[in-house]
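The values are calculated or read from the model by the stated rules, or taken from the named source; none is laboratory data. No experiment lies behind these values; they were computed from the predicted model shown. Neighbour counts are summed over all protein chains in view; Cβ atoms, including those assigned to glycine, are modelled from backbone coordinates with ideal geometry.
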Amino acid sequence: MNKILLVCYSFPPNPGVGGRRWAKFAKYLVKASHYVEVINAKLSTDDTSTWNKDAQLLHESNNVHSLPTRYPEIIKKTPDTYFQKIQYRLSLEYLKIKVKGNMYDKSSLWHLNLVPFVVDKLNEGFDTIICTAAPFHYLSQISTLKKQFPNVNFIADFRDPWANNSISYGITDLNQKRLQDEERKEATVFANFDYLVCVDTIHETYIRSLKINPDKIKVIPNGFDPEDFSNTEAKRKQDNRINIVFTGSLYSKALSHLEALYHVLLENEALKQEFVFNFYGSIPKEAHYLFENNALQSTLTFHGKVPLKEVGEKIVSSDLAMLFLTDDLNYTKSTKFYEYIHLRKKIAVFSKYGEINQYVTNNRIGYSIEPHNIADSLNKIKEDFYKGDLNVPQGYSIEKYSIPTLLNDLTALLN
């Protein structure tokens, strides 16, 4: 049995997909008889996580410690009133003084509470500390503790790239001085942690390019949790049309692909009569108009958020599942990708052509749908539907991407 301290800023009940990966791993670590305590950010919103149930045992054992972040709440939202705008400007000036590097990183002041707490915890005899970030400032602060605790196994887990990130966390908007500071933090983390875990080979290649010891770098992808779908039932189909579903969060940067689909359906009466596209989860405000056109009222439908069990039922009852990828992230397999395939659903990948498009077509587990070929792709799907060829081939196995299986790769890193 290992005694593991997990630092995960967005661990449930904090909302957002950032807490899912380690809510799942922590649950299975506990089931495997490891002792786990978690440090997360103190909840500062009325929203809560979809994955609260996965963290339930740890919360019931009082093994989750929530620490205030000290980050100004006003910076996390768009100010509306005059008073809020004054607050925002003052808070921004405060952050410019207090934070080196990326001041829009919401964890950039968390270390003031976090580091003393971690020191106290490590003195209690933990043999492993796992810090997951996307990236977050606190990793560099925690990494400096390695000298103080040389016998503790330090594992850093990256959900996303760091200083080379071109789409998130405001990295590309930083001035040269702040960007260099982020790069210094990154170098400190890479040097001090014993293991550097990333979710795909793209990130592994980036870390290797910095001449980091390759033995430190491990790839453990996101995976699916079979428990999420253990009681899933297929509901009777209510419509004779081909039912294609999307579940999860649709991001603004992928919206152009949905807009392209919208225009094709408006212009093609035959496709409109053959297909129904059902969306479950969340969409950006600017996408609402796509679902409000009476001409597509029964073809393009947004249902909002539904319980996790119902999500599984919607996927199982569908004929096909959808992914919408941003142009910058059309190479990475998301959790949703694995969940769709686990439920034996082929995937319609809406994106510019990339590694995932190539992967699903080469393995006959999906369709590559680019803005210029939407109508042709939908006709191909229709053809396969009537041939009874919309299921994932039996020879394609996804089990190596289940969380219980991936846990073996994680526990291999423990002391």
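For the criterion of being more than 22 Å from A23 (Cβ to Cβ), modelled with pLDDT of 95 or more and not aliphatic (A, V, I, L, M), K177 fails.
Collect the residues in the range 381-397 that are closer than 18 Å to L323 by Cβ and either in contact (Cβ under 8 Å) with a residue 40 or more places away in the chain or loosely packed, with under 13 Cβ neighbours inside 10 Å (or both), keeping them in residue-number order. Matches in the range 381-397: I381, L390, N391, V392, Y396. A55 meets all of the listed conditions (1) among the small types (G, A, S); (2) part of a helix (DSSP H, G or I); (3) within 26 Å of D173 (Cβ to Cβ) but one, namely (3). If only residues of the range 256-280 that are closer than 30 Å to P15 by Cβ and surrounded by fewer than 18 Cβ atoms within 10 Å (Cβ to Cβ) are counted, the one that is farthest from the chain's Cα centre (by Cα) is A260. Would it be correct to say that T326 is at pLDDT below 90 and of a type in the set (S, T, N, Q)? Considered against the rule, which asks whether it is at pLDDT below 90 and of a type in the set (S, T, N, Q), T326 comes out as yes. Of all residues in the range 24-51, those that are over 24 Å from E73 (Cβ atoms) and not in a loop (DSSP other than H, G, I, E, B) total 11. Scan the range 171-179 and give yes if some residue there is crowded, with 18+ Cβ neighbours inside 10 Å and within 21 Å of T332 (Cα to Cα), otherwise no. Within the range 171-179 (the criterion being crowded, with 18+ Cβ neighbours inside 10 Å and within 21 Å of T332 (Cα to Cα)), the answer is yes, since at least one residue qualifies.
Pick from the range 281-310 the residues that are of a type in the set (V, I, T) and at pLDDT 90 or above: which of them is surrounded by the fewest Cβ atoms within 10 Å (Cβ to Cβ)? Break it down into steps so the answer makes sense when it comes.
Kept after step one, since they are of a type in the set (V, I, T), are these residues of the range 281-310: 283, 299, 301, 306.
If we keep only those that are at pLDDT 90 or above as well, we get 283, 299, 301.
Working: I283: 20, T299: 20, T301: 13.
Among them, the one singled out is T301.
Condition check for R21 on (1) touching a helix residue (DSSP H, G or I) at 6+ places or on another chain (Cβ under 6 Å); (2) modelled with pLDDT under 95; (3) in a helix (DSSP H, G or I): one failure, at (1). Candidates in the range 228-273 are the residues that are closer than 22 Å to P284 by Cα and not in a helix (DSSP H, G or I); of these, the one that is modelled with the lowest pLDDT is Y251.
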